1. If you go through region 1-30 one residue at a time, how many are surrounded by fewer than 10 Cβ atoms within 10 Å (Cβ to Cβ), part of a helix (DSSP H, G or I) and at pLDDT 75 or above?
2. Please tell me if Gly35 is over 15 Å from Thr83 (Cα atoms) and assigned by TED's automatic domain parsing to the domain that holds Val104.
3. I'm told Thr66 meets every condition in (1) within 25 Å of Pro116 (Cβ to Cβ); (2) of a type in the set (S, T, N, Q); (3) modelled with pLDDT under 90 except one. Can you identify the failing condition by its number?
4. Can you say whether Leu89 is at pLDDT below 80, surrounded by 11 or more Cβ atoms within 10 Å (Cβ to Cβ), under 35 Å from the mean Cα position of the chain (by Cα) and in the same structural domain as Ala109 (by TED's automatic domain parsing), as far as the supplied structure shows?
Amino acid sequence: MTPTPALVDFVLAATKSTTNPLLTLLPLLAIGALGYFFFIRPQQRKAQAARQSKGSEIEVGDEVQTIGGVIGTVLEVHGDRYTLLTGALGDDGNLDGPQPTRIVFVRQAIARKIEPINDIRIADDVAPAASDVVDVHGSEDDIDDVGGDGASHKEHGEAEEA
């Protein structure tokens, strides 16, 4: 069996044509470089700017919320650590509500700065006047009217007997 001339030409042509592997990878490398410069790098710059601006806006005395939901006042700042005072003190300095606690958080645990709420104190000895009480049911006879139809139990009993 002798090889045909066409088969010999095919084998010789396959061995002679060599493609450069760099030419096949060049489009993939170009797509990766464009993706880095158009998508990844701008996002990194935005994140870095946000980190720098957040750290500079929180000062001693500000009220902040952590990522866990703890709300407190910043007492001390030591580098990346923030000491918060949680709980509440009354106007006279005595405990008014939960026990105040000092907790140390890292900067990444502080979610945002919040606006403090001004408490409005209501005197305990003030009771609502009788004229301020609103009669929701309409009359005193319908106190036991659970169904809301306005009929009392006597009327239901009479209706059942008839």
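1. The qualifying residues number 6.
2. Against the criterion (over 15 Å from Thr83 (Cα atoms) and assigned by TED's automatic domain parsing to the domain that holds Val104), Gly35 does not qualify.
3. (3)
4. Yes.
The values are calculated or read from the model by the stated rules, or taken from the named source; none is laboratory data. What you are looking at is a predicted structure, and each value in this text was computed from that prediction instead of being measured. So basically every Cβ, Gly included, is an ideal-geometry build from the backbone, and we count neighbours across all protein chains shown.
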